[in-house]
1. Give me the orientation-averaged projected area of the Cα convex hull of the chain, in nm², one decimal.
2. If I fit a long axis through the Cα atoms of helix 29-40 and take the longest principal axis of the Cα atoms of the chain, what angle between them do I get, 0 to 90°, rounded to 10?
3. Based on the Cβ-Cβ distance from residue 128 to residue 27, what FRET efficiency comes out when R0 is 35 Å, to the nearest 0.05?
4. Can you compute the modelled spin-label distance between residue 112 and residue 42, with each label point 7 Å from Cα toward Cβ, in nm?
5. Compute the long axis of helix 12-22 from its Cα atoms, compare it with the longest principal axis of the Cα atoms of the chain, and write down the angle in degrees, 0 to 90, nearest 10.
6. Per DSSP helix of 4 or more residues, -39500 (n - 2.57); summed, then divided by the residues of the chain. What does that give at 222 nm, rounded to the nearest 500?
7. Gain in length, residue 85 to residue 52, computed as 0.36 nm per residue apart minus the alpha-carbon separation, to one decimal in nm?
8. Who wins for biggest fluctuation among 19, 62, 125 in a Gaussian network model of the chain, springs between alpha carbons below 10 Å?
Amino acid sequence: MRLSINYQSANLQRDLTAVIEDMGLRITQARRQVVDLLDRKSDGFGAEEINAELPGVGRATVYRTIRLLLEAGVVCKLALRDGTTKYSLARYEHHHHTVCVRCGTVDEFRDSTIERLVRAIGGEVNGEILGHRIEFDILCQGCMSISGE
């Protein structure tokens, strides 16, 4: 189930809260704290990172809230090279990711060339492409400037 959300909005917290309410769930204080923190995590986040930053919120609540937002399609799940999982808010309905291999920063991008390529591949496969995920492992500008690369 993909819910519509305006990520350019100054009211992202309100919009994320509305997604949870639209699923028929109550907005508890703990869920509100998780949503407020996710709003500030523009470069991606791990569930344990959120859990550590919200000691008053139970681990199960953190994981359930992330899972709810994942099921709603407003959070993306990324499997990193080191075997860990990171999440990011889905700022665009269809997008791809870059992940810095050094600091773990996650960013999103949209690219029409990739979409044209996927459509072309769709004509070559024996079936219908239902979706795809593309992640590029990068060294971000911040890490390049630190290492002088």
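FYI, it's all coordinate maths here, none of it is from the lab. Nothing here was measured: the structure is a model prediction, and the numbers come from that model. Cβ sites come from the backbone with ideal geometry, for glycine too, and all protein chains shown count toward neighbours.
1. If you wrap the Cα atoms of the chain in a convex hull and average its projections, you get 11.1 nm².
2. Compared with the principal axis, the helix lies near 40 degrees.
3. 0.40
4. Each label point lies 7 Å from its Cα, and together they span 2.6 nm.
5. That works out to roughly 80 degrees.
6. Values: 6 runs with 61 residues, N = 149.
Estimated from H runs of four or more residues: -12000 deg cm²/dmol.
7. Using 0.36 nm per residue and subtracting the Cα-Cα distance, I get 10.3 nm.
8. Answer for the Gaussian network model of the chain: 125.
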